[in-house]
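Reading through the structure tokens given below for one structure.
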Amino acid sequence: MKWVRGDGVHLTLKFLGDVADEQEPELRTALARAAAGTRTLALALGGFGVFPDFRRPHVVWVGIAPEPGLEILQHRVEQEFAPLGFPTEGRPFRPHVTLGRATRDARPVALAGLEEALGRLEFTETALVGALDLMESTLQSGGAVYHVRHSERLP
């Protein structure tokens, strides 16, 4: 596993992919509209899992308990970005925080005890979300490096 650095821990509401610099003003406007009226969110973190499954774990994550405010915010982000050429996600929103990714050369047998190990861990924490950020990620040999391009504070 390659673990996420502390400064790379985040919750993704919408992945945009490659975006032209010229689109940034309209993305900032869409972000402001999506954030409008949303208050700071208290999210309950707990429980671990993997994507896609424990037979082939590629991503280890900690879950986020259902929170109506987060669901509404994510839906608003989808609705605001769709007209800008970023289609709504076809899969249901599964809020989580990625903790690690399997290395390219990881063999499933090397991760065979992961389900049992994660099942033994106890973790609960509350995270306060006070901003909605437009992030730029740059892949580097040490992992992704994130840069906030624009931030909308949540009152």
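The values are calculated or read from the model by the stated rules, or taken from the named source; none is laboratory data. Keep in mind the model is a prediction, meaning the values are calculated, not measured. Every residue, glycine as well, gets a Cβ built from its backbone with ideal geometry; the counts of neighbours run over all protein chains shown. Just the protein is used for accessible areas: all its heavy atoms, side chains included, with ligands, DNA and RNA removed. Shrake-Rupley method; radii C 1.70, N 1.55, O 1.52, S 1.80 Å.
What the table shows:
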| quantity | calculated |
| --- | --- |
| Residue satisfying all of: in the stretch 84-106; within 22 Å of D18 (Cα to Cα) and among the hydroxyl-bearing types (S, T, Y); surrounded by the fewest Cβ atoms within 10 Å (Cβ to Cβ) among these | T88 |
| Residue in the stretch 16-24 that is closer than 27 Å to T124 by Cβ and either in a helix (DSSP H, G or I) or without any contact (Cβ under 8 Å) to a residue 60 or more places away in the chain (or both) present | no |
| Which listed residue, of A35, A20, A42, A30, is among the hydrophobic types (A, V, I, L, M, F, W, C) and modelled with pLDDT under 95 | A20 |
| Any hit, the stretch 128-136, residues being touching a Phe, Trp or Tyr at 6+ places or on another chain (Cβ under 8 Å), over 26 Å from Q23 (Cβ atoms) and at pLDDT 95 or above | no |
| Every residue from the stretch 61-106 that is in contact with a helix residue (DSSP H, G or I) (Cβ under 9 Å, 6 or more places away or on another chain) and of a type in the set (F, W, Y) | F81, F86, F93 |
| Any hit, the stretch 73-90, residues being under 15 Å from the mean Cα position of the chain (by Cα) and of a type in the set (D, E, K, R) | yes |
| Residue match in the stretch 29-51 (condition: charged (D, E, K, R) and touching an Asp or Glu at 6+ places or on another chain (Cβ under 6 Å)) | yes |
| Filtered residues of the stretch 107-118 (kept if surrounded by 10 or more Cβ atoms within 10 Å (Cβ to Cβ) and either part of a helix (DSSP H, G or I) or at pLDDT 95 or above (or both)) | P108, A110, L111, L114, E115, A117, L118 |
| Some residue of the stretch 44-56 being open to solvent by 80 Å² or more (accessible area, probe 1.4 Å) and not in a strand (DSSP E or B) | yes |
| Selected residue (only one of A131, A144 is within 18 Å of V59 (Cα to Cα), surrounded by 11 or more Cβ atoms within 10 Å (Cβ to Cβ) and hydrophobic (A, V, I, L, M, F, W, C)) | A144 |
| Top-ranked residue in the stretch 58-67 [being modelled with pLDDT of 95 or more and outside any strand (DSSP E or B); ranked as surrounded by the most Cβ atoms within 10 Å (Cβ to Cβ)] | E67 |
| Some residue of the stretch 68-83 being in a strand (DSSP E or B) and either surrounded by 12 or more Cβ atoms within 10 Å (Cβ to Cβ) or at pLDDT 95 or above (or both) | no |
